[in-house]
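The values are calculated or read from the model by the stated rules, or taken from the named source; none is laboratory data. Just so we're clear, the structure is a prediction, and the values are computed from it rather than from any experiment. Positions of Cβ are generated from backbone atoms using ideal geometry, with glycine treated the same way; all protein chains shown enter the neighbour counts. What goes into the accessible areas is simple: the full protein's heavy atoms, side chains included, and nothing from ligands, DNA or RNA. Shrake-Rupley method; radii C 1.70, N 1.55, O 1.52, S 1.80 Å.
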Amino acid sequence: VQLQASGGGLVQPGGSLRLSCAASGTILSINVMGWYRQAPGKERELVALITSGGTANYADSVKGRSTISRDNAKNTVSLLVNSLKPEDTAVYYCHAVHFLVDYWGKGTLVTVSS
């Protein structure tokens, strides 16, 4: 399984950003898809995830201003983050669990700055 993310970039504080990720390869059933992020000098942390049934979970830091969605037929997942803050600056990684195996995308940089 390969994961290709897109949508990173420079955003002003208070702005919005949509990240998208597409899975490809030999895919039978992706149980969970989601996004993690890693800020400079910090550990990678969960941002949001969504199951194949549509159940979503969010980190407290983005809860209420983020929406994760997925298209099971297309094996894609998207993350919309509103009201961006400088502390949202990080490399965002797409993640998927396929038959209990973790897969990671290469990461896309999101910089929140004026």
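Limited to the range 37-57, what total is found for residues that are within 13 Å of Ala96 (Cα to Cα) and surrounded by fewer than 21 Cβ atoms within 10 Å (Cβ to Cβ)? Qualifying residue count, the range 37-57: 3.
What are the pairs, 6+ residues apart or on separate chains, where a residue within the range 11-31 that is within 17 Å of Val47 (Cβ to Cβ) and at pLDDT 95 or above has its Cβ under 6 Å from a residue that is of a type in the set (Ser, Thr, Tyr) and open to solvent by 50 Å² or more (accessible area, probe 1.4 Å)? Sorted first by the residue in the range 11-31, then by its partner, the pairs are Ser20/Ser6.
Being open to solvent by 80 Å² or more (accessible area, probe 1.4 Å) and not basic (Lys, Arg) is the filter here; which residues of the range 58-69 pass it?
Hits for the range 58-69 are Asp60, Gly64.
For Ala73, the conditions (1) among the aliphatic types (A, V, I, L, M); (2) without any contact (Cβ under 8 Å) to a residue 60 or more places away in the chain; (3) open to solvent by less than 60 Å² (accessible area, probe 1.4 Å) are fulfilled apart from (3).
Within the range 35-54, track down each residue that is assigned to a loop (DSSP other than H, G, I, E, B) and closer than 16 Å to Ser78 by Cβ. The answer is Ser52, Gly54. Comparison of Val110, Val97 shows that the only residue that is in contact with a Ser or Thr (Cβ under 7 Å, 6 or more places away or on another chain), in contact (Cβ under 8 Å) with a residue 12 or more places away in the chain and in a strand (DSSP E or B) is Val110.
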